[in-house]
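A.B. asks: Below you will find the structure I want to go over with you.
None of the figures in this text is laboratory data; all of them are computed from the coordinates on show. Source: prediction; values computed, not measured. Ideal geometry is used to build each Cβ from the backbone, glycine not excepted, and the neighbour counts take in all protein chains shown.
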Amino acid sequence: MPNNPRAGGISRRIEGDDRTELKEALASLELPEGMGLIVRTAGVGKSAEALQWDLSFRLKHWEAIKKALKAAQLRS
């Protein structure tokens, strides 16, 4: 969740050992300053490495969106 450092956590639908494992995995992620994230049910069973890969992939998309917005603002 870009620009929202207080956002984040794990879906309420995830309980028990799955929730504990995801909390441990989240603690090891390299999350940019000022950002938060939410792990949805699709994240159950994913390794910290897989979650980090997905985060990095989504951050690249976020950077592309910011770049496109800046370019559009410059044209206006």
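A.B. asks: Take a quick pass over segment 8-75 and tell me how many lysine pairs come in under 28 angstrom between Cα atoms, counting only ones 8 or more apart or on separate chains.
C.D. replies: 4
A.B. asks: Could you state the angle between the C-alpha long axis of helix 16-27 and the longest principal axis of the C-alpha atoms of the chain, as a value from 0 to 90 degrees rounded to the nearest 10?
C.D. replies: So the helix axis and the longest Cα principal axis differ by about 40 degrees.
A.B. asks: I'd like the orientation of helix 48-75 relative to the chain: the angle between its Cα long axis and the longest Cα principal axis, in ° from 0 to 90, rounded to 10.
C.D. replies: Once rounded, one gets 20 degrees.
A.B. asks: Okay, next question. Spelling out what I want: for every residue of segment 34-40, take phi, set θ = phi - 60°, compute 6.51 cos²θ - 1.76 cosθ + 1.60 (Karplus), and round to whole Hz; glycine and proline get x.
C.D. replies: After applying 6.51 cos²θ - 1.76 cosθ + 1.60, I find x, 10, x, 8, 10, 8, 8 Hz.
A.B. asks: Would you mind computing, in nm to one decimal, how far apart the modelled labels at E30 and S56 are, each placed 7 Å from Cα along Cα→Cβ?
C.D. replies: Reported label-point gap for E30 and S56 is 0.7 nm.
A.B. asks: Students often get this wrong, so try it: which of (1) 18, 52, 25, 5, 1; (2) 18, 45, 24, 10, 3, 0; (3) 17, 45, 34, 4 is P(r) over Cα pairs in 10 Å bins from 0, in percent as calculated from the structure shown?
C.D. replies: Here the calculated entry is (2).
A.B. asks: Shifting gears a bit: With each pseudo-label sitting 7 Å past Cα toward Cβ, what's the E15-A64 distance in nm, one decimal?
C.D. replies: Each label point is offset 7 Å from its Cα along the Cβ direction, giving 3.9 nm.
A.B. asks: Something else now. Once the piece of chain linking S76 and A48 is laid out straight, how much longer is it, given 0.36 nm per residue of separation minus the C-alpha distance between them?
C.D. replies: In short, 5.9 nm is gained.
A.B. asks: Counting only other residues whose beta carbon sits under 14 Å from that of K66, what net charge do I get with K and R as +1, D and E as -1?
C.D. replies: +3
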